[in-house]
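Only one structure is covered here, and it is reproduced in the block below.
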Amino acid sequence: MTKPLIEAIAIGASAGAVQALSRILPELPTDYPLPVLVVVHVPPDRTNMLVPLFQAKCQISIREAEDKEPILPGVVYFAPSDYHLLVEADRTISLSADAPAMYSRPSIDFLFESAADTYGPALLGVILTGANEDGAAGLTAVGEAGGLALVEDPAGAYASAMPTAALEAYPMAKTMSLDNIASYLAGLGKMRVA
Amino acid sequence: MRNTTEDIEIQLLLEALYQRYHYDFRHYARASIKRRLKQALMQMEFRSFSALQDGLLHDPTLLPRLLDYLTIQVSEMFRDPFYYRAIREKVVPHLKTYPSLKVWIAGCSGGEELYSFVILFREEGIENRTLFYATDINPEALKTASAGIYALDRIKSFTVNHQKSGGKSSLSDYYTANYGRAVFDESLRNRVVFSDHSLVTDAVFGEMQFVSCRNVLIYFDRSFQDRAVGLFRDTLPRKGFLGLGSKESLRFSTHAGDFGEFVPEEKIYQRREA
């Protein structure tokens, strides 16, 4: 059976996220043909510094996700502090102030489960370094909807708890080193352009 | 877009809820509603959304429980302290020029935002010329709001927020601690009217100088957002204020032209010339 082309990427990361994403996002070109939705656990009362930080490092467009905006290829959307980021069926973003899940708002599960509903087999979900279990249920939803589930190798991760929990919840997920994840994501762009 | 059996069931459940009880969630942001309904399904122990729909149609006692899942928002007092600081420093000087004021907390949920306003207005010396309208579609939320009782372990963050908002008193002046709960002073409700009101099915009920509606519009789709913002436009006189949640904006609204940005970074708008 051939897999349908990937149409969107969802990434979840917590402790060690900045270093891990600094390895991945700068590899993506300006004309990257996919949207990338990112949830990083950040403290609620701090202005989200991730957007300016990655804007300075990356070619691909980096934005804070806004409620109701259409999800476009070639853009990395970061969840704002203190709001969940969800994907609607019409491929727009919605934000939510629902209670934190696993003490986290934004929650990786909220993003992954809603994105799995919308993109189904055309979604790539990636769980990176982190020190809690958010994302395990989400990655399972991605896999069960036929999408591609990818986990950073816990052995090499800055914090292994989150990738370990994701693998335990969904053992069929593929494991890759951070470097391989970076080149795999960059390669997805090239394959589609060619 | 994938339309699964579950999506069809959800659509039918929301239709049943509307036709049987006139609660309209059909144009809420669907991804959030779906999450909340899944939680309700699990907790209320129905095996499918169709089964829940059947139960709901025939047993009205299930309605309040379902509404709690669909509407209850847990907020904080003085959530986003800089919003309240902006009101204090930039809006209150204008409000002080009015002999009498009406403030509408639309979608007041458990009352955290309401009490923040009343305390701020008291600190700024304009509480006694103000009438506060606190509305919500969920009668249970209104009961919670009018009781003004919160778990004591939440008070610490309320207090920090209050101080950051430029609070001129101590939050502890307004509640008494009692068996792990903070009971907010009855006098804070002297000038509050609590009322059942829907932004999507009800009309406006008077002229307001300030409408605060935070983290409600993000749950609506565009059509519901437009209806709600239309209500705010109609209820606000020229120079009346509208405050939204920190990630909400009028940018995509068909009524955007009726409002000017007053404190853009805190999402406080002002009604333009009618």
Residue among A:L72, A:L86, A:L50, A:L37 that alone is under 20 Å from A:V126 (Cα atoms) and at pLDDT below 95: A:L50
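Against the condition away from every other protein chain (no Cβ under 13 Å), surrounded by fewer than 17 Cβ atoms within 10 Å (Cβ to Cβ), assigned to a helix (DSSP H, G or I) and at negative phi, how does B:S169 come out, does it pass?
Numbers: away from every other protein chain (no Cβ under 13 Å): yes; surrounded by fewer than 17 Cβ atoms within 10 Å (Cβ to Cβ): yes; assigned to a helix (DSSP H, G or I): no; at negative phi: yes.
Taking the combined requirement at face value, the residue does not satisfy it.
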Hey, any hits in region B:123-136 for a residue that's touching a residue at least 12 places away in the same chain (Cβ under 8 Å), part of a loop (DSSP other than H, G, I, E, B), in contact with a strand residue (DSSP E or B) (Cβ under 9 Å, 6 or more places away or on another chain) and at negative phi? yes
Matching residues in region B:176-191 - criterion: being surrounded by 13 or more Cβ atoms within 10 Å (Cβ to Cβ) and either among the β-branched types (V, I, T) or under 22 Å from the mean Cα position of the chain (by Cα) (or both): B:A182, B:V183, B:F184, B:D185, B:L188, B:R189, B:R191
Whether any residue in region B:39-60 is more than 27 Å from A:A116 (Cβ to Cβ) and either within 14 Å of chain A (Cβ to nearest Cβ) or small (G, A, S) (or both) is what I want to check. yes
Could you tell me which of the residues A:I60, A:I93 is under 14 Å from A:L34 (Cα atoms) and surrounded by 16 or more Cβ atoms within 10 Å (Cβ to Cβ)? A:I60
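Could you check how many residues of region B:214-238 are more than 10 Å from chain A (Cβ to nearest Cβ) and in contact with a helix residue (DSSP H, G or I) (Cβ under 7 Å, 6 or more places away or on another chain)?
2
Quick check on region A:86-95. Is at least one of its residues closer than 26 Å to B:L244 by Cβ, away from chain B (no Cβ under 14 Å), part of a strand (DSSP E or B) and in contact (Cβ under 8 Å) with a residue 12 or more places away in the chain? Can you show your working first?
First pass over region A:86-95, keeping only residues closer than 26 Å to B:L244 by Cβ: A:86-95.
With the extra rule that they be away from chain B (no Cβ under 14 Å), the set shrinks to none.
Checked against the condition, which is being closer than 26 Å to B:L244 by Cβ, away from chain B (no Cβ under 14 Å), part of a strand (DSSP E or B) and in contact (Cβ under 8 Å) with a residue 12 or more places away in the chain, region A:86-95 yields no hits at all.
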All but one of (1) more than 16 Å from the chain's Cα centre (by Cα); (2) within 14 Å of chain B (Cβ to nearest Cβ) hold for A:V142, so report the exception by its number. (1)
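For every residue, the table says whether it meets (1) assigned to a loop (DSSP other than H, G, I, E, B); (2) over 15 Å from A:R23 (Cβ atoms); (3) of a type outside the set (A, V, I, L, M, F, W, C); (4) in contact (Cβ under 8 Å) with a residue 12 or more places away in the chain.
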{"position": "A:G125", "(1), (2), (3), (4)": "no, yes, yes, yes"}
{"position": "A:N132", "(1), (2), (3), (4)": "yes, yes, yes, yes"}
{"position": "A:G138", "(1), (2), (3), (4)": "no, yes, yes, yes"}
{"position": "A:A141", "(1), (2), (3), (4)": "no, yes, no, yes"}
{"position": "A:A149", "(1), (2), (3), (4)": "no, yes, no, yes"}
{"position": "A:A157", "(1), (2), (3), (4)": "yes, no, no, yes"}
{"position": "A:P163", "(1), (2), (3), (4)": "no, no, yes, yes"}
{"position": "A:E168", "(1), (2), (3), (4)": "no, yes, yes, yes"}
{"position": "A:I181", "(1), (2), (3), (4)": "no, no, no, yes"}
Residues that are surrounded by 14 or more Cβ atoms within 10 Å (Cβ to Cβ) and without any contact (Cβ under 8 Å) to a residue 24 or more places away in the chain, drawn from region B:148-159: B:T159
Exception for B:R36 within (1) away from every other protein chain (no Cβ under 14 Å); (2) in contact with a helix residue (DSSP H, G or I) (Cβ under 8 Å, 6 or more places away or on another chain); (3) closer than 20 Å to B:I137 by Cα falls at (1)
Mind telling me which of the residues A:A99, A:A65 ends up being modelled with pLDDT under 95 and facing chain B (nearest Cβ under 10 Å)? A:A99
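Would you mind stating whether B:V200 is closer than 25 Å to A:E88 by Cβ, of a type in the set (A, V, I, L, M, F, W, C) and away from every other protein chain (no Cβ under 14 Å)? Working first, answer last.
Numbers: closer than 25 Å to A:E88 by Cβ: yes; of a type in the set (A, V, I, L, M, F, W, C): yes; away from every other protein chain (no Cβ under 14 Å): yes.
The answer is yes for B:V200.
Quick check on this structure: which one of B:F194, B:F259, B:F205 is more than 29 Å from A:E88 (Cα to Cα), away from chain A (no Cβ under 14 Å) and either buried (at least 20 other Cβ atoms within 10 Å of the Cβ) or of a type in the set (D, E) (or both)? Outline the logic, then answer.
Working: B:F259 fails: more than 29 Å from A:E88 (Cα to Cα); B:F205 fails: either buried (at least 20 other Cβ atoms within 10 Å of the Cβ) or of a type in the set (D, E) (or both).
Just a single option satisfies the conditions, and that option is B:F194.
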Could you list all residues from region A:106-139 that are surrounded by fewer than 22 Cβ atoms within 10 Å (Cβ to Cβ) and more than 9 Å from every other protein chain (Cβ to nearest Cβ)? A:P121, A:A122, A:A131, A:N132, A:E133, A:A137
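Please work out which residue is surrounded by the fewest Cβ atoms within 10 Å (Cβ to Cβ), limiting yourself to region A:68-78 and to residues that are more than 10 Å from chain B (Cβ to nearest Cβ) and part of a loop (DSSP other than H, G, I, E, B).
Taking the candidates together, the pick is A:L72.
The values are calculated or read from the model by the stated rules, or taken from the named source; none is laboratory data. Model, not experiment: these values are computed from the prediction. Positions of Cβ are backbone-derived with ideal geometry, glycine not excepted, and every protein chain shown enters the neighbour counts.
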